[in-house]
1. Checking the conditions here, which among Gly39, Gly61 is within 9 Å of the ligand (Cβ to nearest atom), surrounded by fewer than 24 Cβ atoms within 10 Å (Cβ to Cβ), in a loop (DSSP other than H, G, I, E, B) and more than 11 Å from the chain's Cα centre (by Cα)?
2. Can you confirm whether the stretch 89-96 contains a residue that is modelled with pLDDT of 95 or more, out of contact with any Ser or Thr (no Cβ under 7 Å at 6 or more places or on another chain), of a type in the set (Lys, Arg) and within 22 Å of Ser41 (Cα to Cα)?
3. Where residues in the stretch 113-164 are under 19 Å from Gly43 (Cβ atoms) and assigned to a strand (DSSP E or B), which of them is most open to solvent (accessible area, probe 1.4 Å)?
4. Restricting attention to the stretch 91-100, does a residue exist that is of a type in the set (A, V, I, L, M) and loosely packed, with under 14 Cβ neighbours inside 10 Å?
5. Select from the stretch 90-120 the residues that are out of contact with any Gly (no Cβ under 7 Å at 6 or more places or on another chain) and closer than 13 Å to Leu50 by Cβ and list them in ascending order.
6. If a residue has to be touching a residue at least 60 places away in the same chain (Cβ under 8 Å) and either of a type in the set (Lys, Arg) or more than 23 Å from Met118 (Cα to Cα) (or both) to count, how many in the stretch 39-78 make the cut?
Amino acid sequence: MNTNCTHRIGYGNDIHRLAAGRKLILGGVHVPFELGPVGHSDGDALAHALCDALLGAAALGDIGRHFPDTSPEWHNAPSLTFLQRTRELLDAAGFRILNVDSTISLERPKLAPFIPTMKEKLAEALGITPEQVSIKAKTGEGVDAVGKGEAIRADAVALIEPLA
Ligand code: MG
């Protein structure tokens, strides 16, 4: 991509309803819990928010354009695949990922024990190091759909630069 700016920032978010009988997958990690995200893929809200942040930084559209939820190809798909494909799209467009930062909003369970493994899995999918991946977690303080335990939300930003 011809660009006369150096660094580019992107933002993404995602929300999924929580329901019984679904696995809670976050950053490619299975978090044991009685509820999981409703979705066409595995519902990995963190991976989806990161995809949108990275695509946004490169002005390449959004996750729905590249991985439509009407496509049987993505039914129950592991969302790390979306991140790998997104990285390939950025490669092809001539960008390198500098860092990503994210926040998961979820009332329960506590996510701190799982975050180091999430960072490793996301870094591997994106071809960067775990030190370039930040994941924060917070509750909804009892308000809104997150706070009432009805939904999981993730927000992410990404910084990229053109390949030399
Ligand atoms: Mg999603």
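The values are calculated or read from the model by the stated rules, or taken from the named source; none is laboratory data. None of the values given here were measured: they were computed from a predicted structure. With ideal geometry, Cβ positions are generated from the backbone for all residues, glycine too; neighbour counts draw on all protein chains shown. Protein only, heavy atoms only, side chains kept; ligands, DNA and RNA dropped before computing areas. Shrake-Rupley method; radii C 1.70, N 1.55, O 1.52, S 1.80 Å.
1. Gly39
2. no
3. Arg153
4. Within the stretch 91-100, one or more residues are of a type in the set (A, V, I, L, M) and loosely packed, with under 14 Cβ neighbours inside 10 Å.
5. Of the stretch 90-120, the ones out of contact with any Gly (no Cβ under 7 Å at 6 or more places or on another chain) are 90-104, 106, 109-117, 119-120.
Selection gives Leu90, Ile97, Asn99, Val100, Asp101, Ser102, Thr103, Ile104, Lys119.
6. Final tally of qualifying residues: 1.
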